[in-house]
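The values are calculated or read from the model by the stated rules, or taken from the named source; none is laboratory data. Since we're looking at a predicted model, the values are computed, not measured. Backbone-built Cβ (ideal geometry, glycine too); neighbour counts: all protein chains shown. Remember, those area values only see protein heavy atoms, side chains included, never the ligands or the DNA or RNA. Shrake-Rupley method; radii C 1.70, N 1.55, O 1.52, S 1.80 Å.
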Amino acid sequence: MSEPRVNELMEKIVSLCKRRGFVFQSSEIYGGINGFWDYGPLGAELKRNVKELWWTSMTRRRDDVVGLEATIIMHPQIWRASGHVDTFSDPMCDCLLTRKRFRADQIELQSGTAYHYTGARDTAAGRAVTEPYAVLLPAGKPPESARKTASEFYRLRGLAQPELEGERMEKVENSQRFNPDNGSLLTEPRPFNLMFKTYVGPVADEDNVAYLRPETAQAIFVQFKNVADTSRQKVPFGIAQMGKAFRNEVTPRNFTFRSREFEQMELEFFIQPDEVVEALCGTVATPSGPGHPGEPQRNWGWQMWHQYWVEERIRFYDAIGLPRTTLEEYWQKPEELAHYARATVDLLFKFPFGTQELEGIAARSDFDLSQHERFSGKSQGVFDEDLRTAWGKLPEERRQELSGRYHDARLKYLLRAGVPAEQAAKDAREDADGLAKGQYMPHVIEPSAGVDRLILALVANAYSETTTTDEKGKTEVRTVMRFHPTVAPVKVGVFPLLKNKPELVAKAREVHGLLRGDMLAFYDEAGAIGRRYARQDEAGTPFCVTIDFDTLGETPALKDTVTIRHRDDGRQERLSIAALKDYLIARVR
Ligand code: ATP
C-alpha cells in the first residue's frame, strides 16, 4: 500500500519529538543513520512506562505467564528452524538511474505512457549499449522528457553522446515497475534477507556467521522446556519477553514506525491442542460471538484462546490511552496467512500516515516447537498425567477419532516440512500414539507488539493543539500532549509560585522531595506560572502542583494545602499536602 509522502501532522509530531526530547535521530551530529532512532529524556521515560505496564499486566498480574530475558545473538541454527534464513525477506528493487532502493510491494501504483528503448549508440565514438531501458511519463508529458532521462541512463553506461534506439510507446496502468520520483525503470524485484549478519569470534568466515535476532519470539520457543521444567507451570501457560530486535528494512520510514533496530514485546502462550482438550473435557468450547470471552476455562480450544488474547490486548491499549475507536481489527484472509497459522488478527492503529499494524495476534499451531524439535533433535513435547488417565477412560471409537485428527495434523506438518513420506507417516503415527501416554506437542497463541510503534501511536494520539488569547488579544497555538497519566513521562510538575520567596521555594522543594521517590516529579521555578504550565502541557505532564502563600498559612484554613492543576481541562483544586501523594499515585500508576 502506498503512503502519502507529506503529512503536516507527522511533521509537527516529529518536530515536537525533537524539540522536547522525546526522539532524536541516532548519530545526528554525523548526519544520522537511516532507520535508527534514540529516545531522549522524555521519550526514555515514556518508553519505560509502556514497557513496565506491559510487563506488569502480562506477567506479574497473572498466574499463568512467566518472563524471560534471552540474548540477542543465538545459535544460528535457530533461524534455520524458524524459517528466517530461507524466507525472511522482502522483495527489493533499485532505480536503474539513481540506485535508490525500494520495497517492490510498497511502490505507489502509477499509470501513464512508458517509453521503451532497445539500447543506444554513440556514433562518434563507435560504441553501443544494448541494455533495454524504459521511462514512465504521466499522461500529457512530452516524450522529450523521457528521452532526456533515457539519455542520462545510457550516459551512465559509458556513452558520451547517446543516440536512443528502438523507441516504443506503451500505455501502462497501476504499475510498480517505475521509480515514482523520476519515472525511471526499476530492476526486477529480488528477495532481500532482512536479518543483520555478524560473526562470532575472531574468524570472519561462514562457519562463524550469526544473526542479530529479528524477533524476540524464537528465544521463547527454544527455552520452552527449561522454563516449563523450572517454573512449575503447566500448559496452558505463557512466556513473555521484551527486548531489541533488528531488521535490515529495505526502506525504513514513517519516523520510528519502520526502524532497523526496535523493541518488541512478545508473549508465546502455549495451549493444549483441541484433541487434548476434548480428551480431557469431553468437548471444546468455541466462541459464541464477538467480544471478550471472560476468564479462561479448561475446555477452551485454540479459537477461544485466540479471541481471548485479541480482546486482552485491546483492553491493554484502552487502559493506557488508546481507545478501541483508535484501533482496527484486521483478520488476515486465508490466502494471507502463513502456512502454519490458523488465524492472525492485526491490531491496526490510525497513524497520521495511514492505518497500520501495531500488533499481530497469531494462532501459530504447533509449528514453532515442532520445528525446533526436528532441528535440535531434542523432544519439545510435554507430558500430562491427566491426559493419560482421561485417555484410558475414553471409549475406543473416541480414541480413534481424536488420535486420527491429531495424526492427520502432524502428518500435514511433517510433509510440509519436507520430511520424506515414509518417515513422516511413521513419525505422525508415533506422535498420535503418544496421546495415550499423556504426551503431546503444545500449540501457541502469539500476541506480538512493537514498543516503538506503540510509542509513536501514543504520541500521535496524545498530540493536540489549543489556541489561547491573552489580555492583549494576542493568540497563541499551544501543544498539549494528552498522554494517559499511566504512560506520561513526567507525572507531576511542582512549582513555587515565585522563585524569589525562599519560604515558597523551600516548601516546594519539600513537596518535590515527598513525591519524587514514587513518581517522576519535575521541579520548576523559572518564569511565569502560565509558562510553566505550558511547558508541562507540551511534555504531557498530567498534573501540576503549585505552592503559594496560602500553603504557608496566609489564609490559615488553607495552610499546608496546594493547588493541583489538571492538564486536560485546566481545572484547579485545593488539596492537602498530606493527601497529595496518595491522590497522585492512584491516578498515575
Ligand atoms: P510489518 O508488516 O509492518 O513489517 P510484521 O508483520 O513483519 O510488520 P511482525 O513480524 O509480526 O511484524 O512483528 C511484530 C511487531 O513488531 C509488529 O506488529 C510491529 O509492532 C513490530 N515491528 C516489526 N517490524 C518493525 C520495524 N521495522 N520497526 C518497528 N517495529 C516493528
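If contacts are Cα pairs under 8 angstrom and at least 6 residues apart, what is the relative contact order of the stretch 94-191 in percent? In percent, rounded to a whole number, it is 40. In terms of its alpha-carbon gyration tensor, the chain comes out oblate; a/c meets the 1.5 threshold, while b/c is at least as large as a/b.
Amide H contacts of V480: S464, E465, T466, each under 5 Å away and 5 or more positions distant or on a separate chain (H built 1.01 Å from N in the peptide plane; Pro and chain starts excluded).
Ordered by solvent-accessible area of protein heavy atoms (1.4 Å probe), largest first, the residues L212, L584 come out as L212, L584. For the stretch 175-189, the Karplus equation 6.51 cos²θ - 1.76 cosθ + 1.60, evaluated at θ = phi - 60°, returns couplings of 9, 10, 8, 10, 5, x, 7, 9, x, 5, 4, 9, 5, 4, x Hz by residue, with Gly and Pro reported as x.
By the gyration tensor of its Cα atoms, with a ≥ b ≥ c the square roots of the eigenvalues, what is the shape of the stretch 335-459: rounded for a/c under 1.5, prolate for a/b over b/c, or oblate? It comes out prolate by the Cα gyration axes. Spacing of the modelled spin labels on N208 and F196, each 7 Å from Cα toward Cβ, amounts to 1.9 nm.
Run lengths n ≥ 4 of DSSP H only: what is the helix-derived mean residue ellipticity at 222 nm for the chain, with -39500 (n - 2.57) per run over all residues, to the nearest 500? Value at 222 nm, helices only: -10000 deg cm²/dmol. Dividing the mean sequence gap of close Cα pairs (under 8 Å, 6+ apart) by how many residues the chain holds gives a relative contact order of 12 percent.
Shown here for the stretch 439-540: GluC sites (Glu not before Pro) in loop regions (DSSP other than H, G, I, E, B) with at most 10 other Cβ atoms within 10 Å, namely E471. Heavy-atom accessible area for E430, with the other protein chains in place and a 1.4 Å probe, reaches approximately 100 Å². Placing V66, V203 in order of accessible area, with the largest value first and a 1.4 Å probe, yields V203, V66. If amide hydrogens are placed 1.01 Å from N in the peptide plane, which non-local residues have theirs closer than 5 Å to the one on A210? Under 5 Å from the amide H of A210 lie the amide H atoms of T198, Y199, V200, each far enough along the sequence or on another chain.
Taken one residue at a time, the phi angles of the stretch 367-384 give Karplus couplings (6.51, -1.76, 1.60, θ = phi - 60°) of 4, 5, 5, 5, 4, 5, 5, 5, 6, 8, x, 9, 4, 10, x, 10, 10, 10 Hz. Gly and Pro are set to x. Of the solvent-accessible surface of the stretch 16-146, computed with a 1.4 Å probe and all protein chains present, 53% belongs to carbon and sulfur. Judged by the gyration tensor of its Cα atoms, with axes a ≥ b ≥ c, the stretch 361-431 is prolate; a/c meets the 1.5 cut and a/b is the larger of a/b and b/c. Ordered by 1.4 Å accessible area with all protein chains kept, Y330, Y211 run largest first as Y330, Y211. Separation of the alpha carbons by more than 21 angstrom is noted, of K559/K581; K51/K197; K197/K244; K501/K559; K47/K333, for K51/K197; K47/K333. Restricting the stretch 29-136 to chymotrypsin sites (Phe, Trp or Tyr not before Pro) that sit in a DSSP loop and have at most 16 other Cβ atoms within 10 Å of their own Cβ leaves F36. Applying the Karplus relation 6.51 cos²θ - 1.76 cosθ + 1.60 with θ = phi - 60° to the stretch 485-500 yields 3J(HN,Hα) values of x, 5, 9, 3, x, 9, 8, 8, x, 10, 10, x, 4, 10, 8, 9 Hz, where x marks Gly and Pro.
Here the stretch 109-177 and the stretch 517-589 have alpha carbon centers that stand 68 Å from each other.
With all protein chains kept in place, the per residue accessible area of the stretch 195-340 amounts to 44 square angstrom at a probe of 1.4 angstrom. Among the trypsin sites (Lys or Arg not before Pro) within the stretch 20-77, those in coil by DSSP and having at most 10 neighbouring Cβ atoms inside 10 Å are R61. Counting only heavy atoms of the protein chains and using a 1.4 Å probe, K18 has close to 100 Å² of accessible surface.
Taking amide H atoms as placed 1.01 Å from N in the peptide plane, the amide H of Q439 lies under 5 Å from those of D384, each 5 or more residues away in sequence or on another chain.
Normalised by the number of residues in the stretch 490-588, the mean separation of alpha-carbon contacts (under 8 Å, six or more apart) gives a relative contact order of 28 percent. The accessible surface of the stretch 488-589, taken with every protein chain in place and a 1.4 Å probe, is 54 percent carbon and sulfur. Solvent exposure of the stretch 468-589 amounts to 48 Å² per residue of accessible area, where only protein heavy atoms count and the probe is 1.4 Å. Accessible surface of R405, taken over heavy atoms with a 1.4 Å probe and every protein chain present, rounds to 80 Å².
Computed from the C-beta positions of R101 and R315, the FRET efficiency with R₀ = 45 Å rounds to 0.65.
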